[in-house]
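Structure first, commentary second.
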Amino acid sequence: MQIYCVGGAVRDELLGLPVQDRDYVVVGATVKQMTALGFRPVGKDFPVFLHPETQEEYALARTERKTAPGYKGFVIHADVNVTLEEDLLRRDLTINAIAKAEDGRYIDPFDGRADIQQKIFRHVSAAFSEDPVRILRVARFAARFTEFEVAPETLTLMQHMVALGEVDALVPERVWQEVARGLMEHKPSRMFDVLLACHALEKILPELAQVWSADQTDIWHGMLNDHQSSPILEIRYAVLMAVCSARYPDQAIRVRCVEQASARFKAPKECRDLAVMVARELGDVYRANALSAEQLAGLFLRCDGLRKPQRFADMLRVMNVVFQQHADLKQTIAGQCTFLSGALHAFQAVDAGAVAKSCQNNPHGIADAVNAARIAALTDYLQHVNSTR
C-alpha cells in the first residue's frame, strides 16, 4: 500500500498558497484493508474513506470509462492493480495531476510543475472531454488564478465539447455550484471570459452572453470584480444579475430577465430575491430624493424593509457597486443610498405598539393609523433633508 497527497493541495503548495484541505490516493489497497485500518467508507460512486483521526479523504486509485453523455456517464474501476499514473491520467488539468509521496518526492508524469511555472491551464489527456463539468472548473480556476491562461489546445477541446452538446447535459445544480464558487473568487469576470471564449456562456447564461462582448465590457468587468460587493454570495449574484439585465430600461423586462436566469440556475431563494429586488427598484433608488413620503413608504414595504433591514442594506450595497463604474453617476447614487438609509431609519422609528394602543377603541383602524404615523415620520424626514440642502 502506498499513499500520495494529490490534487489541489499539491498544486497550492507549489504555488506558495495556503493549503486548506488535503486529499490522498491509495495505491495497492483493497476496501477490506482500508476498513481494517479504521478508515470509514463514505463514497457512493467509488471507494472513498475518511481517516479515523484527521477525517481527511483517502480514495483508492481508480480509472474511469465514459459510458453516456454528461458528467455522470462513467463506470469507475478501482482495484489493487490501478497505478498512480493511471489515476493521475483521469484528472482534468496537469496542474492538478501532481502527486506527493510520503517521503516528499513529487510524481509529475504530465509536467504539471512546468505548467505552474508558465501559468498555463492544460488538459491532461483527451479524457478531459468526457466530463463537461471540467469546462466550468477551468473557468472557475481562471477567476481564482488570475495570471493563468488556458492553453490554446485546451480551449479548442472545450469548444469542441460545447459543439457536441456536452454542456447541454449539465444539471442546474452542478452549474450553480461552480458558478457560485467562481463568483466568490478574486476576479469573477475571468470565469465568464473563459466561458464566452469556449462558446459555453450562451448555453449556461445567455442573458450575460448577449452583453459580455459589447462595448461596455470594461464596465461589466469592473462591476463583477468590485470588492466593495463583499464576500457575500447573495450580493455578488445580484451584481451579476444586474449586469445581465442592464440593457433593459423597462423594469418589468429587467425583473423577468433575472427571474428566468435564476430559475435556470435554480439559484437559492436568498440570491434570487435580492437580485429581483435590485432589478425592480433600480429606478426608485436612482431618483429616491424625488419620491414622496407615500412613495418611500411603498418602497420600504415592497422590500420588506421593516422585517429585513439587512437585505434592504444589501440592495443599496449592490446599487453602489452597479453605479460605481459610471463616473458621472456614482456620487449621485451614493447620496441616494445615504438618503434612503436615513428614510428607512425614520420609517422604522415609529412605535407601532404605541400607535396601536392609542387605537384601542377602534381596533379596525390600527393598520391605517400605523401607516399614517409612518407617512408622517417620512414627511418630517423629507422636510428636514430639504431644509439642510
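Summary table below
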| read-out | value |
| --- | --- |
| Top-ranked residue of segment 172-214 - restricted to ones that are of a type in the set (D, E, K, R) and under 11 Å from the mean Cα position of the chain (by Cα), ranked as farthest from PRO268 (Cα to Cα) | GLU185 |
| Qualifying residues in segment 354-386 (those that are small (Gly, Ala, Ser) and over 41 Å from the mean Cα position of the chain (by Cα)) - the one surrounded by the most Cβ atoms within 10 Å (Cβ to Cβ) | ALA373 |
| Hits in segment 261-291 (condition: surrounded by fewer than 14 Cβ atoms within 10 Å (Cβ to Cβ) and either of a type in the set (Lys, Arg) or touching a residue at least 40 places away in the same chain (Cβ under 8 Å) (or both)) | LYS266, LYS269, ARG287 |
| Test result for VAL239, closer than 26 Å to LEU378 by Cβ and either surrounded by 15 or more Cβ atoms within 10 Å (Cβ to Cβ) or under 17 Å from the mean Cα position of the chain (by Cα) (or both) | no |
| Residues of segment 41-66 classified as modelled with pLDDT under 90, charged (D, E, K, R) and either surrounded by 13 or more Cβ atoms within 10 Å (Cβ to Cβ) or under 10 Å from TYR24 (Cβ atoms) (or both), total | 3 |
| Search result, residues across segment 84-126 that are within 19 Å of GLN2 (Cα to Cα), acidic (Asp, Glu) and surrounded by fewer than 23 Cβ atoms within 10 Å (Cβ to Cβ) | GLU85, GLU86, GLU102, ASP103, ASP108 |
| Search result, residues across segment 269-291 that are assigned to a loop (DSSP other than H, G, I, E, B) and out of contact with any Asp or Glu (no Cβ under 8 Å at 6 or more places or on another chain) | ARG287 |
| ALA334 being farther than 14 Å from ALA297 by Cβ, without any contact (Cβ under 8 Å) to a residue 60 or more places away in the chain and among the hydrophobic types (A, V, I, L, M, F, W, C) | yes |
| Any pair with Cβ under 8 angstrom, 6 or more apart, that starts in segment 358-377 at a residue that is closer than 24 Å to ALA343 by Cβ and ends at one that is part of a helix (DSSP H, G or I) and polar (S, T, N, Q) | ALA369/SER358 |
| Given (1) in contact (Cβ under 8 Å) with a residue 24 or more places away in the chain; (2) open to solvent by less than 70 Å² (accessible area, probe 1.4 Å), number of the condition ASP304 does not satisfy | (1) |
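The values are calculated or read from the model by the stated rules, or taken from the named source; none is laboratory data. Keep in mind that what you see is a predicted model, and the values were worked out from it rather than measured. Please note: Cβ atoms are built from the backbone with ideal geometry, for glycine as well, and neighbour counts cover all protein chains shown. Surface areas here come from the heavy atoms of the whole protein model, side chains and all, with no ligands, DNA or RNA. Shrake-Rupley method; radii C 1.70, N 1.55, O 1.52, S 1.80 Å.
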